[in-house]
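> For reference, the structure I am asking about is given below.
No lab work stands behind these numbers, since they all come straight from the coordinates. Values in this document were obtained by computation on a predicted structure and should not be read as measured data. When we count neighbours, we look across all protein chains shown, and the Cβ atoms used for this are built from the backbone with ideal geometry, even at glycine.
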Ligand SMILES: [Zn+2]
Ligand SMILES: [Zn+2]
């Protein structure tokens, strides 16, 4: 058992990643791809949840934070919305995107490439949109107010993988996937990008003790993403990649210092406790002030006003 605890951290990330992708391949080859993919996704999430108990990276993150129902509700809402959009895209192609899309004769997408190569190209394209959306969400307060929900957690574990405000998710999906529509990528490529993103996301947030070494220079791994959840903007405004870290490396935001990432994670602001309140919070002035860590009630005659929201976030 001791020996297993020594080598499992090196083996688990590639093993779980490969298992997730093989299960996705089997699901896509079946008669009911969506149902089987969901079954595979749930099985992988369950396996990760069990491994978190056995080999935790941060034992204190095992304690209940009272947010599990909210984490799951946000996951269902954003994932459900994504699947509706995917289903619509399959049957009635998105009108706006199709209007802008080049004609079938002039498509820029290399349809003659092997599917695996098309998926790698698609991931690089999608990641640029996701990088811009994610970095914008950290550096521009009108977007941070939605993204802060994801960073409001005090612990990382498999259940908060999908904890995103639905507006945050929709914005990321738009910037990430629209270029693929415009370039004329086929449905199979969209499905695979979705599968890779789902599997990577489960692993990125997991609380399993893992060693990923050189993989940190290719994929968005837990070792990198734990820094992204740091309270310190100098550490947290890094590692924006969702699947690949290509654009972080190119734009200088890749970050992996040779020390342990912080266990005390979160934000300076305050996120509402309940699911519906969390959805509504960015749409109200007082909710936004709480998210930004400012006084909930503007003070007109009191002490000097707190710094501007942008200054307080200080995310560069
Ligand atoms: Zn973020
Ligand atoms: Zn995260």
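> How many nm separate the modelled label positions at residue 55 and residue 124, each set 7 Å beyond the Cα in the direction of the Cβ?
Placing both labels 7 Å beyond Cα along the Cβ direction yields 3.2 nm.
> What is the list of residues in the stretch 218-248 whose amide nitrogen lies under 15 Å from a point 7 angstrom out from the Cα of residue 268, following Cα to Cβ?
230-237
> Just need the relative contact order of the stretch 2-291 here, percent rounded to a whole number, with Cα pairs under 8 Å and 6+ apart.
In percent, rounded to a whole number, it is 24.
> Take the alpha-carbon centre of the stretch 146-180, take the same for the stretch 1-63, and report the distance between them in whole Å.
When both Cα centres are located, 21 Å separates them.
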